[in-house]
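Beneath this line is the structure, given in structure tokens, with notes to follow.
The values are calculated or read from the model by the stated rules, or taken from the named source; none is laboratory data. Given the structure is predicted, the values throughout are model-derived calculations rather than measurements. Please note: Cβ atoms are built from the backbone with ideal geometry, for glycine as well, and neighbour counts cover all protein chains shown.
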Amino acid sequence: MSCLLWGRFLTLGGLVARLAAKRRSQIPSGGAATEDRRNVRFSACWRPGRLKIGRRLKTCPTTVIGVLMFAGALFAQTEQRPRTVPAPAATPSPAAHAAPSPRDLKYPALHAVETPKAAVFTLSNGTRLLLMEDHDLPVIRGEARIRTGSLFDPEDKIGLAAMTATVLRSGGTRDMTGEQLDRKLDDMAATVDSSINESQGRVSFFSLAENSADVLALFHDVLTGPAFRGDQVDFARVQLANQIALRNEGDVGRLAASELRTLVYGEDNAYGWNMQYSTLDRIRRSDLVAFYKRYYFPKNIILAVSGDFETAKMKDQLEQLFGGWNAQQDVVPDFPKVTARPAPGVYLAKNTDVTQTYFTMGHLGGKMNDPDYAALALLSNILGGGSMGRLFAAIRVHLGAAYNISATWAGGFDHPGLFAISGTLKPIATASTLQAIRHEVERMQSGEVTDEELRNAREHVLNGLVFANGTRRKILENTLDLMYFGYPEDFMQQFQKALTAVTRADVARVAKQYLRPAELTTVVVGNPGEFVPALETLGTVHEIDLTVPASKTVAAPSDTASLEQGKQILARMQQAVGGFDKLAAVKDYTAVSEVHYSAPAGGQDLVETEKWMAPGNMREETDSPAGKNAIYCDGKSGWTARGRVSSVLRGPQLKAAQDDIFRSYFTLLASDKVAGRTVNALDSDVIEISTAEGQQVRVTVNPETGLPLQFSYQESSASGPPITVQETITRFGEAGGVRIPFEVSMKRNGMDFIRTVVKDLQVNTGLVLTDLERRP
């Protein structure tokens, strides 16, 4: 772009801005006009070959026409003006081309970490409150930090904290479901989220300043009144089960880090153990409610809010919202202590599908408030802090064997972190490279560092510290961390001061004191067939078993009280559908339904005819564009047919048919009178009906009507964990004096699968067994 044209473009951009400002100033405040004023946005930009003038959302058409007319006149003048050819520039001397050396560049001293103080209050209910105004953008965000975490999971119910945090949000509130909450937040471009890690629970929100009152009200409802709806408990279980199934898939580097953590901390404690299918299956909705009540109470929460508000008004608003929430619990105990023991050696997780070797090695580290933490942070940076680290120089440059490599001394706020060296290697050089890395650790422990190494590491760590406190939002988050873990509010300034005071002698001292090469645990994920030399040249290799324990269908524990409660819930359900006598009077039925498969499941529609006879004979016929199919089972054996070709039911097909008969509506609701069945209450509105053969279904009852609301069960999968199925009743009909599901939506592993709509259902029509047994 010529200088003249660029100048015209800048002039045009300025005019566009002035027109926008003028347009806004002409709109009166209040009402719809205020909405219009907020949404006027003009812009002008140059791209090769074209100028673009645009607007966002609403504006006055005459204003746009005026801008376009000015643009046309501007470019007409530009085209008409004769072009001048600039005189050739004088040839610069060779010295003028000489680039300054990076070593000669001068930089101003790095400023101290600035931490504007948050306003600190305590609400009347005991919740601590941090407020920090930030008027750069018209948004408000906040977070409730709850002193809890997965470290408080019971050993037999690992995953309880994660499931609680998930359903806290997805389960909605007393007044609206999670989906209704989603829609309301989407309409306001806002969010309310819930999460948890090993030692912190969080409930957070984001809102435009203009919508903050409504969003804060929803945030309050989620935090103080979650509903923990049963269907979302089951869905969360499915999501976590999928995480277990995929634990060894995807990010191979993360897999190596996870295995190192388990080995160093030990798999017999909360820092090192893993969630399993069996621990998830033991978790009930009542466990989530109990976990929430134990940890989510006002005096166990710090609430931090930043954004475009006035501190005094926001404090009053939060007091009005939360002041009436006065739930009480005993003081939460300390998190468990780390009792890890060294686990030196080389551990191999075989993976023949990867083309690189992923590794991580390390041992137990320390905490952030350790006296030597600053020196250790610089030590790890000297060892593996990017392209200037010793490992990079020794491994990648000299051997050409590593794609990337890093070293960190991770200090935990409240428990020792890990010292870890991680990277990806060429498989052929795996063993030799790992040996060279260990040699560098030993050299670091026994030698000294140079002035340049210390200077580079200090600058790198200090820069990261400053950028970590670069905005008011980050400052508030860091302040919240310090308050949550009981650190002094000036800890960042203390750490910065400590970094500047570290000497070469300090680095040498902590290297000798804290680095323990003989205790290094090394985890390798890769294809041992490509290792040259073999990994065994490093010593004994322990193979890691990545097999995920299979999920087993196990009935929930029961006792006299839960069994009695289960019968009471079932009796209420029987009464709601018409009474036990009318259920028992149904001896057969014929139902004709339309079945609509969702798009991911094929998107097809078909007609299904189901015939059933007491106590357990069932025949299903389907009519689809692909032809007619049929299946029959008497609970012990059966057959299936495609067209006129039939075969005996065996294996998974027979098991699926038997389970369908077990879940037949009329006998299922009369299970307290069926021999061999157990009815056990899992919650006030959930019962589990099971048999000694392992058949199992959970029935969620509508607490208002007593009618069945949802059936949840598992189906076998050809590969991987069982599939969790949820059948939700959306409409009832009536036949024979019994209320029967006439519309049912089915989800498999949380995904929409089919919707069944009954078009005709008749009971006690006099079916005979030959009607069901007859093959096509």
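Among (1) more than 30 Å from residue 698 (Cβ to Cβ); (2) touching a Pro at 6+ places or on another chain (Cβ under 9 Å); (3) assigned to a loop (DSSP other than H, G, I, E, B), which single condition is residue 270 missing?
(1)
Can you tell me how many residues in region 560-603 are of a type in the set (D, E, K, R) and farther than 16 Å from residue 686 by Cβ? Before the answer, list the steps.
Residues of region 560-603 that are of a type in the set (D, E, K, R), as a first pass: 564, 567, 572, 581-582, 587-588, 594.
This time we only want the ones that are farther than 16 Å from residue 686 by Cβ, so: 581-582, 587-588, 594.
The total comes to 5.
For region 323-413, give me every one of the strands (runs of 3 or more DSSP E) that falls completely inside it and has 3 or more residues that are modelled with pLDDT of 90 or more, among the aliphatic types (A, V, I, L, M) and crowded, with 16+ Cβ neighbours inside 10 Å. Step through it out loud before you land on a result.
On the way: elements: 345-350, 357-364, 402-409.
In region 323-413, 345-350 are the strands (runs of 3 or more DSSP E) which contain 3 or more residues that are modelled with pLDDT of 90 or more, among the aliphatic types (A, V, I, L, M) and crowded, with 16+ Cβ neighbours inside 10 Å.
Conditions tested, residue by residue: (1) surrounded by fewer than 17 Cβ atoms within 10 Å (Cβ to Cβ); (2) touching a residue at least 12 places away in the same chain (Cβ under 8 Å).
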residue: 587; (1), (2): yes, yes
residue: 591; (1), (2): no, yes
residue: 599; (1), (2): yes, no
residue: 614; (1), (2): yes, yes
residue: 619; (1), (2): no, yes
residue: 624; (1), (2): yes, yes
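What helices (runs of 4 or more DSSP H), lying completely within region 468-554, carry at least 1 residues that are within 27 Å of the chain's Cα centre (by Cα), among the hydroxyl-bearing types (Ser, Thr, Tyr) and over 30 Å from residue 349 (Cα atoms)?
Working: elements: 472-484, 491-501, 504-514.
Answer list for region 468-554: 472-484.
Considering region 494-539 alone, what residues qualify as being of a type in the set (Asp, Glu) and modelled with pLDDT of 95 or more? Reasoning before the result, please.
So in region 494-539, the residues of a type in the set (Asp, Glu) come out as 506, 519, 530, 536.
Passing the criteria: only 506.
From the list 375, 349, 340, which one is touching a residue at least 60 places away in the same chain (Cβ under 8 Å) and under 30 Å from residue 449 (Cα atoms)?
Numbers: 349 fails: under 30 Å from residue 449 (Cα atoms); 340 fails: under 30 Å from residue 449 (Cα atoms).
Unique residue meeting the criteria: 375.
Take region 445-464 and flag every residue that is part of a helix (DSSP H, G or I) and either buried (at least 17 other Cβ atoms within 10 Å of the Cβ) or of a type in the set (Val, Ile, Thr) (or both).
445, 453, 454, 456, 457, 458, 460, 461, 462
Going by the conditions given, is residue 648 in the same structural domain as residue 565 (by TED's automatic domain parsing) and either touching a Phe, Trp or Tyr at 6+ places or on another chain (Cβ under 8 Å) or on the phi > 0 side of the Ramachandran plot (or both)? Before you say what the answer is, go through the steps one by one.
Working: in the same structural domain as residue 565 (by TED's automatic domain parsing): yes; either touching a Phe, Trp or Tyr at 6+ places or on another chain (Cβ under 8 Å) or on the phi > 0 side of the Ramachandran plot (or both): yes.
When the stated conditions are applied, residue 648 passes them.
For residue 498, state whether it is among the aliphatic types (A, V, I, L, M), out of contact with any strand residue (DSSP E or B) (no Cβ under 9 Å at 6 or more places or on another chain) and surrounded by fewer than 14 Cβ atoms within 10 Å (Cβ to Cβ). Let's see the steps before the verdict.
On the way: among the aliphatic types (A, V, I, L, M): yes; out of contact with any strand residue (DSSP E or B) (no Cβ under 9 Å at 6 or more places or on another chain): yes; surrounded by fewer than 14 Cβ atoms within 10 Å (Cβ to Cβ): no.
When the stated conditions are applied, residue 498 does not pass them.
Could you check region 555-574 and list, in sequence order, the residues that are charged (D, E, K, R) and part of a helix (DSSP H, G or I)? Walk me through how you get there before you give the answer.
Taking region 555-574 and keeping what is charged (D, E, K, R), we get 559, 564, 567, 572.
Within region 555-574, 564, 567, 572 meet the criteria.
For region 732-776, which residues satisfy the criterion of being closer than 21 Å to residue 616 by Cβ and of a type in the set (Ser, Thr, Tyr)? Give the steps one after another, and end with the answer.
First pass over region 732-776, keeping only residues closer than 21 Å to residue 616 by Cβ: 735-736, 738, 740-741, 744, 756, 758, 761-775.
The answer is 756, 765, 770.
Regarding region 424-439, can at least one residue be identified that is of a type outside the set (Ser, Thr, Tyr), outside any helix (DSSP H, G or I), without any contact (Cβ under 8 Å) to a residue 40 or more places away in the chain and surrounded by fewer than 21 Cβ atoms within 10 Å (Cβ to Cβ)?
No, that holds for no residue.
Quick check: anything in region 170-193 closer than 16 Å to residue 295 by Cβ, in the same structural domain as residue 317 (by TED's automatic domain parsing) and surrounded by 16 or more Cβ atoms within 10 Å (Cβ to Cβ)? It would help to see each step written out before you state the result.
Looking only at region 170-193, we keep the residues that are closer than 16 Å to residue 295 by Cβ, and these are none.
There is no residue in region 170-193 that is closer than 16 Å to residue 295 by Cβ, in the same structural domain as residue 317 (by TED's automatic domain parsing) and surrounded by 16 or more Cβ atoms within 10 Å (Cβ to Cβ).
So residue 693 ticks every box in (1) over 28 Å from the mean Cα position of the chain (by Cα); (2) not in a loop (DSSP other than H, G, I, E, B) but one. Which box is left unticked?
Every condition holds for residue 693 apart from (2).
Any residue at all in region 169-184 that is under 19 Å from residue 303 (Cα atoms), part of a helix (DSSP H, G or I) and touching a strand residue (DSSP E or B) at 6+ places or on another chain (Cβ under 7 Å)?
Applying the first criterion (under 19 Å from residue 303 (Cα atoms)) to region 169-184 yields 169.
Add one more test, that the residue is part of a helix (DSSP H, G or I), and what stays is 169.
Then keep just the ones that are touching a strand residue (DSSP E or B) at 6+ places or on another chain (Cβ under 7 Å); that gives 169.
For region 169-184, residues under 19 Å from residue 303 (Cα atoms), part of a helix (DSSP H, G or I) and touching a strand residue (DSSP E or B) at 6+ places or on another chain (Cβ under 7 Å): present.
Scan region 587-595 and tell me whether some residue there is outside any loop (DSSP other than H, G, I, E, B), in the same structural domain as residue 687 (by TED's automatic domain parsing) and of a type in the set (Lys, Arg). So that I can check it myself, show each step before the final result.
Looking only at region 587-595, we keep the residues that are outside any loop (DSSP other than H, G, I, E, B), and these are 588-595.
Now drop any that are not in the same structural domain as residue 687 (by TED's automatic domain parsing), which leaves 588-595.
If we keep only those that are of a type in the set (Lys, Arg) as well, we get none.
No, that holds for no residue.
How many of the residues in region 655-690 are surrounded by fewer than 17 Cβ atoms within 10 Å (Cβ to Cβ), of a type outside the set (D, E, K, R) and over 22 Å from residue 740 (Cα atoms)?
Residues in region 655-690 being surrounded by fewer than 17 Cβ atoms within 10 Å (Cβ to Cβ), of a type outside the set (D, E, K, R) and over 22 Å from residue 740 (Cα atoms): 4 in total.
Pairs needed: first member in region 708-723, closer than 18 Å to residue 744 by Cα and at pLDDT 90 or above; second member anywhere, buried (at least 19 other Cβ atoms within 10 Å of the Cβ) and among the basic types (Lys, Arg); C-beta distance under 8 Å; at least 6 residues apart or different chains.
Between residues of region 708-723 that are closer than 18 Å to residue 744 by Cα and at pLDDT 90 or above and residues that are buried (at least 19 other Cβ atoms within 10 Å of the Cβ) and among the basic types (Lys, Arg), the close pairs are 711/698; 712/698; 713/698.
Only one of (1) hydroxyl-bearing (Ser, Thr, Tyr); (2) out of contact with any Leu (no Cβ under 9 Å at 6 or more places or on another chain); (3) under 30 Å from residue 287 (Cβ atoms) is not met by residue 537, so which one is it?
(3)
Does residue 96 qualify as being at pLDDT 65 or above and either outside the structural domain of residue 206 (by TED's automatic domain parsing) or touching a strand residue (DSSP E or B) at 6+ places or on another chain (Cβ under 7 Å) (or both)? Working first, answer last.
Details: at pLDDT 65 or above: no; either outside the structural domain of residue 206 (by TED's automatic domain parsing) or touching a strand residue (DSSP E or B) at 6+ places or on another chain (Cβ under 7 Å) (or both): yes.
So residue 96 does not fit the description; no.
Can residue 499 be described as free of Cβ contacts under 8 Å to residues at least 40 places away in the same chain and not assigned by TED's automatic domain parsing to the domain that holds residue 255? Working first, answer last.
Working: free of Cβ contacts under 8 Å to residues at least 40 places away in the same chain: no; not assigned by TED's automatic domain parsing to the domain that holds residue 255: yes.
So residue 499 does not fit the description; no.
Quick check on region 663-673. Is at least one of its residues over 36 Å from the mean Cα position of the chain (by Cα), farther than 25 Å from residue 749 by Cα and in a strand (DSSP E or B)?
No, every residue in region 663-673 fails to be over 36 Å from the mean Cα position of the chain (by Cα), farther than 25 Å from residue 749 by Cα and in a strand (DSSP E or B).
Working only within region 241-289, note down all residues that are small (Gly, Ala, Ser) and more than 30 Å from residue 366 (Cβ to Cβ). Reasoning before the result, please.
Step one: of region 241-289, the residues small (Gly, Ala, Ser) are 241, 245, 250, 253, 256-258, 266, 270, 272, 278, 286.
Result: 241, 245, 250, 278, 286.
Please work out if residue 770 is part of a helix (DSSP H, G or I), of a type outside the set (D, E, K, R) and without any contact (Cβ under 8 Å) to a residue 40 or more places away in the chain.
On the way: part of a helix (DSSP H, G or I): yes; of a type outside the set (D, E, K, R): yes; without any contact (Cβ under 8 Å) to a residue 40 or more places away in the chain: yes.
When the stated conditions are applied, residue 770 passes them.
Would you point out the residue of region 517-545, among those that are among the charged types (D, E, K, R) and surrounded by fewer than 15 Cβ atoms within 10 Å (Cβ to Cβ), that is farthest from residue 438 (Cα to Cα)?
Selected residue: 545.
Cβ contacts < 9 Å: first residue over 16 Å from residue 302 (Cβ atoms) and in contact (Cβ under 8 Å) with a residue 60 or more places away in the chain, restricted to region 463-479; second residue β-branched (Val, Ile, Thr) and surrounded by 14 or more Cβ atoms within 10 Å (Cβ to Cβ), any location; separation 6+ or different chain. Result?
Hits for this filter: 465/113; 466/113; 469/113; 469/115; 469/475.
State all residues of region 153-169 that are of a type in the set (Asp, Glu) and either touching an Asp or Glu at 6+ places or on another chain (Cβ under 6 Å) or surrounded by fewer than 21 Cβ atoms within 10 Å (Cβ to Cβ) (or both); if no residue qualifies, say none.
Taking region 153-169 as the starting set, the residues that turn out to be of a type in the set (Asp, Glu) are 153, 155-156.
Those that are of a type in the set (Asp, Glu) and either touching an Asp or Glu at 6+ places or on another chain (Cβ under 6 Å) or surrounded by fewer than 21 Cβ atoms within 10 Å (Cβ to Cβ) (or both): 155, 156.
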